[in-house]
Amino acid sequence: MTVTATAEEHLATGDSINEQQNAGIPLDATAAQMGITPNWATKLAWLSRTFAPADREAIGAKNLASLRITHLEAIAGQQEHLRVPLLIAAAEERLSVRDLRKRAAGLRGSREAADRSREMVERSGGPDAMRSTERALTRYARMPKDQLLRIYTGKSGQYIAGVIRAAHQLEARITQEGGETLSASPNDGNLI
């Protein structure tokens, strides 16, 4: 695995390393089998654990394919709630690692500063963000009950509930302003 591989490829390799370790295979043996150094294997396994599958889904495969491992390393130490927005911004704005580090450094500090910074980093309202949200909610709606409940009672639950609340508020506001709502029934095939 080379340094020029995408972040997505490195994370997949890290997943494999973690799976091997969970199966009891020593890191040195896994690294040798993959043709990489133990230090590199340790780094990839750590990044794989740092950026969980839910984070990767939120970042998006297209964005991960445009990032490098150095982007991941640059923000891995950031507060958890800032990592995803930073990587999305890095991919969409084509930030260099240096610029990403500067942005991440600007986010350190007090809790109040972190909250303001998160608002600056998050990209909202654009067609890509809306499409991504719609796809995620559609996937959740189609999941088996046990999987859906696990997600809803986990870290994502508060955000799912927030999106539902915000959608209702937006619909009420549009109606209040005299606009025509684009609501559709849950059985409308155009929503899925």
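The values are calculated or read from the model by the stated rules, or taken from the named source; none is laboratory data. Fair warning: this is a prediction, and the values are worked out from it, not measured in the lab. Cβ placement follows ideal geometry from the backbone for every residue including glycine, while neighbour counts extend to all protein chains displayed. With ligands, DNA and RNA removed, areas are computed over all heavy atoms of the protein, side chains included. Shrake-Rupley method; radii C 1.70, N 1.55, O 1.52, S 1.80 Å.
In the condition set (1) within 22 Å of Phe51 (Cα to Cα); (2) at pLDDT 85 or above; (3) of a type in the set (A, V, I, L, M); (4) in a helix (DSSP H, G or I), Leu95 is compliant with all but (4). Count of the stretch 43-73 residues, restricted to those that are under 22 Å from Thr30 (Cα atoms) and among the charged types (D, E, K, R), is 3.
Matching residues to (1) exposed (fewer than 11 other Cβ atoms within 10 Å of the Cβ); (2) under 22 Å from Phe51 (Cβ atoms); (3) β-branched (Val, Ile, Thr):
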| position | (1), (2), (3) |
| --- | --- |
| Thr138 | no, no, yes |
| Met143 | no, yes, no |
| Ile151 | no, yes, yes |
| Ser156 | no, yes, no |
| Ile160 | no, yes, yes |
| Arg165 | yes, no, no |
| Gln169 | yes, no, no |
| Thr175 | no, no, yes |
| Gly178 | yes, no, no |
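Against the conditions (1) part of a helix (DSSP H, G or I); (2) closer than 30 Å to Thr138 by Cβ, Gln78 satisfies every one except (1). Go through the stretch 27-41 and give me each residue that's open to solvent by 20 Å² or more (accessible area, probe 1.4 Å) and either farther than 25 Å from Ile88 by Cα or not in a helix (DSSP H, G or I) (or both). Result: Leu27, Asp28, Ala29, Ala32, Gln33, Met34, Gly35, Ile36, Thr37, Pro38, Asn39. Being of a type in the set (A, V, I, L, M, F, W, C) and either outside any helix (DSSP H, G or I) or closer than 18 Å to Ala74 by Cα (or both) is the filter here, so list the residues in the stretch 1-26 that pass it. Matches in the stretch 1-26: Met1, Val3, Ala5, Ala7, Leu11, Ala23, Ile25.
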